[in-house]
Amino acid sequence: MFLKNLKLKNFRNYSELNLNFNKDTILVVGDNGKGKTNLLESIYYVSSGNSHRTNEQVELINWENDYAVIRALFVGDEINGKQDEHLVELELRKDGMCRVKIDGVYYQRKADFISILPSVFFSPDDLRIIKSGPSNRRDFLDDVLKRVEGKRNGEFFILKNHYQKVLNHRNSLIKSISGNGNSYNQKSSLFLDTWNESLVNYGCRIIEKRIKLLNDFKKDFTFFINLFFPEVEAEIRYVFSWDRKISADSNFFNLRYKNNPGKSPALDNTIGEDTALENSLINLTEKFYLKLKENLRKDLIYKTTITGPHRDDFNILINGKDIKSFGSQGQQRITLICLKLCEVNILKEKIKTKPVLLLDDVLSELDNEKKRLLLEILKNNRFQTFITTANPDVFKALDLNCAEKFLIANNKISQK
């Protein structure tokens, strides 16, 4: 799909806006604070139902008004001689309500439109995925997994909710035991065993999905990183919470489950022909369960569960060194760009629709060769891409004849 037209009303600093897009690459130039990021945010919101900057819908609405409107026309390939088009209209209200209309029909939920045109956002703040703590990397993986399913109530979304509920119950029990002078009796032991089993059940499925996603990332990531940094060795490894020294290749294990109607998802421990894979399943579940028991004393001290996928991480190694600790700012930025390009490819493959790529100030710290390589990748793959900058000089020495150019000034956008 392709974003053909975008109309905004009372969105952030835009009282009225109507833009048509006719090319794959759209350059948006303007001083800082004039609305470049707001423009990309509106596109991301109408494609995902979320803002990358806030969870408060009221912040998206111009403060002088009670509502905002985003209207987007998405155009796809011809199907049976007819152009595939979808018109999505969102009316955001300060009371938290959101009216969704798709092709003239009202819908109850944002979830009904989020798979029409997926989008991938890059902003300088996203460097926290590389530079900051494990929670940022977990959130990145989990967000991609939810978006791959193309809906908010998909399997992974439900898995995470079940896991979080079990984790909350276990943490409440841990706090109760700790608050009573670590009174660990037979009754509390039975309760703890119950929560441990459920935590392992849901937790292993989450780990499986994350590692499979990293496996899908690996080939593309190696290809992209070697375009920017030829002949480097790149690795992505999943790191378990119970031992930071142990990491998992994508091929470390393959978990298999069976679902019983009306029951919680159950582990399938049946030994099959592939003994290695079955053993890896058994090893993981046994290891997880064993570590929950081994770390109980620490859990009681910290009054929380320290073992599980809610504490896991993944590392990116360049020539054997963690990019987080040993990479330069430029290397970290390129690494993040490569992750985002992998995300684009994953969404394209799984959803069968090319996402729009939103690059907010992505070129500012890249040299001309890196800029050229990035634009060449985008051109070759024909992703519709929006690129913002406050400095038009970053486009010098680049072949951008195929791009549309817009200038932002005084809360208005004009085509150059």
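Some points to look at:
- Top-ranked residue in the range 359-416 [being closer than 23 Å to SER42 by Cα and among the aromatic types (Phe, Trp, Tyr); ranked as modelled with the lowest pLDDT]: PHE383
- Among the numbered conditions (1) over 20 Å from THR385 (Cβ atoms); (2) within 23 Å of the chain's Cα centre (by Cα), the only one that GLY33 does not meet is (2).
- Close pairs from the range 289-310: first over 21 Å from LEU159 (Cβ atoms), partner modelled with pLDDT under 95 and surrounded by fewer than 18 Cβ atoms within 10 Å (Cβ to Cβ), Cβ under 6 Å, at least 6 apart: LEU300/SER178; LEU300/ASN182; LYS303/LYS175; LYS303/SER178
- The listed residue being closer than 19 Å to PHE386 by Cα and in the same structural domain as LEU363 (by TED's automatic domain parsing), out of LEU60, LEU6: LEU6
- Selected residue (criterion: surrounded by the fewest Cβ atoms within 10 Å (Cβ to Cβ)) from residues of the range 116-140 that are part of a helix (DSSP H, G or I), in contact (Cβ under 8 Å) with a residue 40 or more places away in the chain and not charged (D, E, K, R): PRO124
- 1 or more residues within 20 Å of ILE337 (Cβ to Cβ) and in contact (Cβ under 8 Å) with a residue 40 or more places away in the chain: qualifying strands (runs of 3 or more DSSP E) within the range 358-416: 385-389, 403-409
- Failed condition for ARG99, given (1) in a helix (DSSP H, G or I); (2) more than 24 Å from the chain's Cα centre (by Cα): (1)
- Qualifying residue in the range 37-59 (condition: without any contact (Cβ under 8 Å) to a residue 12 or more places away in the chain, surrounded by 12 or more Cβ atoms within 10 Å (Cβ to Cβ) and assigned to a loop (DSSP other than H, G, I, E, B)): yes
- For the condition more than 30 Å from GLU369 (Cα to Cα), modelled with pLDDT of 70 or more and assigned by TED's automatic domain parsing to the domain that holds GLU294, ASN254 does not qualify.
- For the range 299-311, the count of residues that are assigned by TED's automatic domain parsing to the domain that holds LEU159, among the hydrophobic types (A, V, I, L, M, F, W, C), surrounded by 14 or more Cβ atoms within 10 Å (Cβ to Cβ) and at pLDDT 60 or above is at least one.
- Test: residue in the range 26-46 that is acidic (Asp, Glu), in the same structural domain as LEU8 (by TED's automatic domain parsing) and more than 25 Å from PHE140 (Cα to Cα): yes
The values are calculated or read from the model by the stated rules, or taken from the named source; none is laboratory data. Note that the coordinates shown come from a computational prediction; the quantities given were computed from them, not determined experimentally. With ideal geometry, Cβ positions are generated from the backbone for all residues, glycine too; neighbour counts draw on all protein chains shown.
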